[in-house]
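Take a look at the structure set out below.
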Amino acid sequence: MRYLIACSLSLLFLAACAPEKEATTAPPPALDFETRRFDRQGGSCPDDGTDCMRISLAYPEATGGTMAFRTHFNAFVQQFLVSVLDVEPEGSGHSIDTLASQLLADYARYVAESDMGLPWSLEVKGEILYRTEQRVSVRLNSYSYMGGAHPNAFTTLATFDLTTGNELALPDLVRDTVAFRQLAEAAFRADKGLEPAQSLGDAGYFFPGDQFVLPANFALHPEGILLYYNAYEVGPYVMGPTSLLLSREKLGDLLR
């Protein structure tokens, strides 16, 4: 009996002293994207296309990387699509499919009530602008014509952290935002042919207090940082959008 007890105690001691196996966590799927498409049309599109509305969405969907990244990135893209399709000022909260059906119904009413129906269109094209092992940038372009004096176009840029999935703010990309703004203003003035001390307001731009401000949209780019002012953001529609690329060489140590 004492022999059995001694053996049992020895086995327990050996088990307690054995090194614990480290818990293993499966790595996240490799970073990858797939282009998704959503196409709807209404009116006389199969015929002459005069009374026709087409909705065409092509956008990237993250299918790899961390769960946090996939969740944040895909939600950002979906929110952009909804904002393009939803004509309600406060947002209706409907799905893309429901919003597309509502737009096609609106177009059918427009054609029925109008003596001369014009074709309507709404397009979205998205692309991965830049990617490294730590960050990904996306560009989403929309174009629409649904009556009115002219079509409308809008571009959204964003850069995401691949670990946390968070959208990165400007201080995450550059070390000194004041110095960065000065470089951006110099690039803007050079692009528009403006002198360093020339009034932005007198040149027709809408900068508050006649002081240069950075655009709402910016992102890391293979060649540096891309800045984009949409039409109406700092000037009238006739002036159009403005795209500025600050090169890595020009940014130097400012770039994180």
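Values in this text are rule-based calculations from the coordinates and carry no lab data. Since the model is a prediction, treat every value here as computed from it, not as a measurement. Reconstructed Cβ throughout: ideal geometry from the backbone, glycine too, with neighbour counts over all protein chains shown.
Points worth noting:
- Loop-located GluC sites (Glu not before Pro) in region 133-219 (DSSP state other than H, G, I, E, B) with a sparse environment of at most 13 neighbouring Cβ atoms within 10 Å: GLU133.
- To the nearest ten degrees, helix 2-17 and the longest principal axis of the Cα atoms of the chain are 30 degrees apart.
- Angle in degrees between helix 177-192 and the longest Cα principal axis of the chain, rounded to the nearest 10: 30
- For region 142-196: relative contact order, % (alpha-carbon pairs under 8 angstrom, 6 or more apart): 15
- Computed about its Cα centre, the charge dipole of the chain is approximately 1040 debye, with only Lys, Arg, Asp and Glu carrying charge at their Cβ.
- Here region 33-161 is treated with +1 on each Lys and Arg Cβ and -1 on each Asp and Glu Cβ, and its dipole about the Cα centre works out to around 560 debye.
- Based on C-alpha pairs under 8 angstrom that are at least 6 apart in sequence, the chain has a relative contact order of 13 percent.
- Computed from Cα atoms, the angle from the helix 96-113 axis to the main principal axis of the chain rounds to 10 degrees.
- Each label point was placed 7 Å from the Cα along the Cα-to-Cβ direction; for GLU249 and ASN166 their separation is 3.4 nm.
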